[in-house]
Every structure is written in C-alpha cells, then in structure tokens.
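Reading through the structure tokens given below for one structure.
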Amino acid sequence: MLVNLGSRGSKLALLQANYIKELLESTHTNLQVELQVISTSGDNIQDRPLPEIGGKGLFTAEIEAALLNHDIDLAVHSLKDLPSTLPEGLVYAGSPKREDARDVFVSNCRQTLKDIPPGGTIATGSTRRKAQLLQFRNDLNILDLRGNIDTRLRKLDEGKWDGILMAAAALHRMDLKERASQYLSPSEFVPSVGQGAIGLEIAENRKDVAQLLQPILHETTTLECTAERVFLKQLNGGCSVPIGCHARVLNAEFCIDGFLAKTDGEENIRASLKGSSDAALHLAEQLSEKFLNAGAKEVLSS
C-alpha cells in the first residue's frame with residue numbers, strides 16, 4: 001500500500017515528516033510512504049511578523065488544500081501551527097509521544113534571563129513569548145524574529161542580541177540541545193497549544209489512513225493536545241494572539257494551565273484546573289469558561 005505524506009520543506013519539518021514515515025513503515029511492513037514537500041505562505045513570506053500576514057493557517061493552508069484535493073493522504077505538522085478550527089472534512093488524527101513542551105532561552109553570552117542587563121535585547125517571533133517575557137522582565141528590548149531554526153540561530157550568532165526564545169522541542173529534534181542556555185518554567189512561560197507535539201491531519205472520511213496511524217499514536221499526548229486545542233477553540237485564539245495552554249497527565253490526574261494577555265503583557269489572565277483524566281476535555285472547556293468570565297473577550301479585542 002502507498003501513502004502520500006505532505007509536509008513543509010524546512011529542515012525541522014522534514015525531520016518530523018521522515019520520523020513519521022519511519023514509524024509507519026516499521027509498523028506496517030507492506031506499507032510504502034512517499035514524502036511530498038509543499039511550500040506554504042508562512043515559508044514564502046519572511047520579511048514581516050506573522051500577525052501582519054494573517055496568523056492562522058499560514059503554515060498549513062496549502063498542505064490542507066492538498067489533503068482536500070486528494071494529492072496527499074496524510075499531513076504532518078508542528079501541532080502548534082495547526083489551527084484549532086480545521087477546514088470542513090479534515091480532522092486532527094492525533095500525535096506520537098510529545099517532545100519537551102517548554103520554551104527555551106538561547107544565548108551566547110548569558111546563562112539565564114535574569115543575567116541580562118537592563119535594556120538588553122531579546123528576539124522572538126511569538127506574541128505569546130513576548131507578552132510573558134514582558135511580565136518577567138519589562139525592561140528588555142524585544143525584537144521580532146522570523147525564519148527557520150538554522151536562520152534564527154545564525155541571526156543570534158551574527159548579531160549583538162542577549163539571546164532568543166524558541167521551542168525546546170525544535171532544538172532537541174535537530175540535535176542542538178547544547179545551544180540551550182535556560183529551560184523556562186511552563187508555569188511562568190505557558191507553552192503554545194500543542195507545542196512539542198507532531199500533529200497528524202487526515203481527511204475525515206479516510207478511515208483506512210486513521211487505522212494505519214493508530215499504532216503510532218501516543219494516547220496521553222493526544223489527550224493532552226486535544227484538550228489544549230479545545231481551550232484554544234473556545235477562546236477563538238490563533239498564533240497572532242498571546243495565548244498559551246499546557247496540559248499534562250500526572251499520576252492519573254489531569255492538569256491544565258492557561259494564559260492569555262495583551263501583546264504588551266499588561267493585561268493578562270492565568271488560571272489552572274485539575275481533575276480526572278476521564279474529564280480532560282470537560283476541564284478544558286471549564287478553563288475556557290473561566291477565562292471568558294474573567295474578561296478574555298475584552299483582552300482579545302483590545
């Protein structure tokens with residue numbers, strides 16, 4: 001059987017896509033997986049911040065079009081790039097085991113964020129990271145940063161910045177753990193929805209592909225990420241909004257933390273809930289209701 005897999009063409013995206021290819025082919029001995037690289041708007045427009053060029057779906061729309069047109073059978077994404085509301089006919093099928101969900105501080109001259117002198121410079125392309133960084137250190141100068149992982153690290157190495165913020169999972173998958181200066185606490189820097197997870201997307205009517213994927217999916221990761229996506233969907237947030245959610249199962253207890261703020265970090269909402277893993281999605285809905293009752297719509301619209 002032949003399965004066509006679609007992915008972005010960045011080094012990280014291809015590492016993830018080939019990882020899924022290897023998992024599938026090693027699990028199903030009669031399966032052949034072919035990789036199709038698809039260029040996205042987010043890849044092609046590098047000279048402007050993501051919120052300026054649309055935010056939602058910038059790294060997924062062209063790949064999803066290929067799914068809907070039956071050009072590919074399976075899409076592989078960094079799950080944090082996949083909008084919580086998908087085009088009609090497409091579904092999030094789940095994820096293999098999640099990598100580290102935390103944010104990380106990368107620097108050539110500082111060990112921690114606290115070591116940066118007043119007025120120091122940090123670069124990040126994430127409004128969520130910017131908002132939380134400003135709460136932690138509102139004396140810092142924050143620059144926008146775009147590009148793939150190699151490009152971001154090269155810009156850091158060539159510049160005079162104190163450091164950059166990025167996803168720990170990206171460094172891990174690219175075998176660059178040694179570049180990490182400080183792993184940031186997920187309670188202070190609440191990660192992006194789905195951060196650290198690979199998201200698999202298929203057509204809703206492709207039960208055959210869903211069945212092939214089932215053995216490579218990680219039940220706990222998929223539960224955690226689905227809950228985070230429920231939270232995001234209820235608040236109607238996207239990648240241009242400073243919003244984060246971090247769910248995890250600890251000793252059969254389900255814990256979920258949420259974060260929402262203005263871009264400047266001035267107004268923010270933080271809340272957490274705990275309960276049974278069996279009620280994970282209900283807890284995610286409850287957390288979103290808690291945010292709405294605390295004025296989330298006003299924060300989002302301001």
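The values are calculated or read from the model by the stated rules, or taken from the named source; none is laboratory data. Remember, predicted model here, so these are calculated numbers, not experimental data. Neighbour counts are summed over all protein chains in view; Cβ atoms, including those assigned to glycine, are modelled from backbone coordinates with ideal geometry.
For the reader, a short list of remarks on this structure follows.
- Residue in the stretch 221-230 that is basic (Lys, Arg), outside the structural domain of residue 130 (by TED's automatic domain parsing), closer than 25 Å to residue 65 by Cα and under 20 Å from the mean Cα position of the chain (by Cα) present: yes
- Count of the stretch 172-183 residues which are out of contact with any Phe, Trp or Tyr (no Cβ under 6 Å at 6 or more places or on another chain) and in contact (Cβ under 8 Å) with a residue 40 or more places away in the chain: 6
- Qualifying residue in the stretch 254-266 (condition: crowded, with 18+ Cβ neighbours inside 10 Å, within 17 Å of residue 83 (Cα to Cα) and among the charged types (D, E, K, R)): no
- Residue 100 being within 21 Å of residue 259 (Cα to Cα), surrounded by fewer than 23 Cβ atoms within 10 Å (Cβ to Cβ) and either under 23 Å from the mean Cα position of the chain (by Cα) or of a type in the set (Lys, Arg) (or both): yes
- Restricting the stretch 70-97 to residues that are crowded, with 22+ Cβ neighbours inside 10 Å and of a type in the set (Gly, Ala, Ser), the residue that is nearest to the chain's Cα centre (by Cα): 78
- Looking only at the stretch 142-169, residues that are at pLDDT below 90 and under 17 Å from residue 11 (Cα atoms) come to 3 in all.
- Complete set of residues in the stretch 78-119 that are acidic (Asp, Glu) and in contact (Cβ under 8 Å) with a residue 40 or more places away in the chain: 81, 99, 100, 103
- Where strands (runs of 3 or more DSSP E) sit wholly within the stretch 110-225, those with at least 1 residues that are surrounded by 21 or more Cβ atoms within 10 Å (Cβ to Cβ) and touching a Pro at 6+ places or on another chain (Cβ under 7 Å) occupy 198-203.
- Hits in the stretch 245-301 (condition: closer than 12 Å to residue 235 by Cα and β-branched (Val, Ile, Thr)): 299
- Cβ pairs under 6 Å, 6+ apart, first in the stretch 144-165 and touching a residue at least 24 places away in the same chain (Cβ under 8 Å), second outside any helix (DSSP H, G or I) and basic (Lys, Arg): 162/110; 163/110
- Leading residue by the ranking (farthest from the chain's Cα centre (by Cα)) among those in the stretch 1-37 that are among the small types (Gly, Ala, Ser), under 14 Å from residue 199 (Cα atoms) and in a helix (DSSP H, G or I): 17
- Between 102, 110, 98, the distinction of being at pLDDT 95 or above, of a type in the set (Lys, Arg) and in contact with a Phe, Trp or Tyr (Cβ under 9 Å, 6 or more places away or on another chain) belongs to 102 only.
- Between 65, 169, 75, 123, the distinction of being outside the structural domain of residue 267 (by TED's automatic domain parsing), without any contact (Cβ under 8 Å) to a residue 60 or more places away in the chain and closer than 30 Å to residue 2 by Cα belongs to 65 only.
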